[in-house]
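K.L.:
Mind having a look at this structure? Questions to follow.
The values are calculated or read from the model by the stated rules, or taken from the named source; none is laboratory data. Only a predicted model underlies this, so the values are computations on that prediction, with no experimental measurement involved. We place every Cβ from the backbone using ideal geometry, glycine too, and count neighbours over all the protein chains shown. Keep in mind that these areas ignore ligands, DNA and RNA; they rest on the heavy atoms of the full protein, side chains included. Shrake-Rupley method; radii C 1.70, N 1.55, O 1.52, S 1.80 Å.
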Amino acid sequence: RRHLTVTLQDGQCWVEDHGSANGTFVNGTRLKPHTATRVLPEDQIALGQSGVRISVSPEAMMRREGTPPVP
């Protein structure tokens, strides 16, 4: 199943919840399903009550050789 999509477009980050049962929250506010929402580096993104949190950075990140790519 797909919970959400994270999109980078023109230097901006957008998240879209796919109608997940437990929701996606930005700074504690539940996102409206199927609506792209812009997020900023200081925003906190949570996937339901799972404890999974996502953060975005305006800086490109280098990954170490041998580590899996970020999906």
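K.L.:
Quick one: ILE45 ticks every box in (1) modelled with pLDDT under 90; (2) open to solvent by 40 Å² or more (accessible area, probe 1.4 Å) except a single one, so which number is it?
P.N.:
(2)
K.L.:
Read through the list (1) at pLDDT 90 or above; (2) surrounded by 11 or more Cβ atoms within 10 Å (Cβ to Cβ), then give the number of the only condition that THR35 fails.
P.N.:
That leaves (2) as the condition not met.
K.L.:
Pairs, please: C-beta under 6 Å, at least 6 apart or cross-chain, first residue over 12 Å from LEU4 (Cβ atoms) and in the range 16-44, second open to solvent by less than 60 Å² (accessible area, probe 1.4 Å) and of a type in the set (Asp, Glu)?
P.N.:
ASN27/ASP43
K.L.:
Could I ask something else about it? Restricting attention to the range 13-61, which residues are β-branched (Val, Ile, Thr) and in a strand (DSSP E or B)?
P.N.:
VAL15, THR24, VAL26, THR29, THR37, VAL39, ILE45, ILE54
K.L.:
Condition first: among the polar types (S, T, N, Q), farther than 20 Å from GLY51 by Cα and surrounded by 11 or more Cβ atoms within 10 Å (Cβ to Cβ). Now tell me which residues in the range 8-32 satisfy that. Quick ask: steps written out before the conclusion?
P.N.:
The initial filter retains those residues of the range 8-32 that are among the polar types (S, T, N, Q), namely 9, 12, 20, 22, 24, 27, 29.
Imposing the further condition that a residue be farther than 20 Å from GLY51 by Cα reduces the set to 9, 12.
Listed by number, the list holds a single entry, GLN12.
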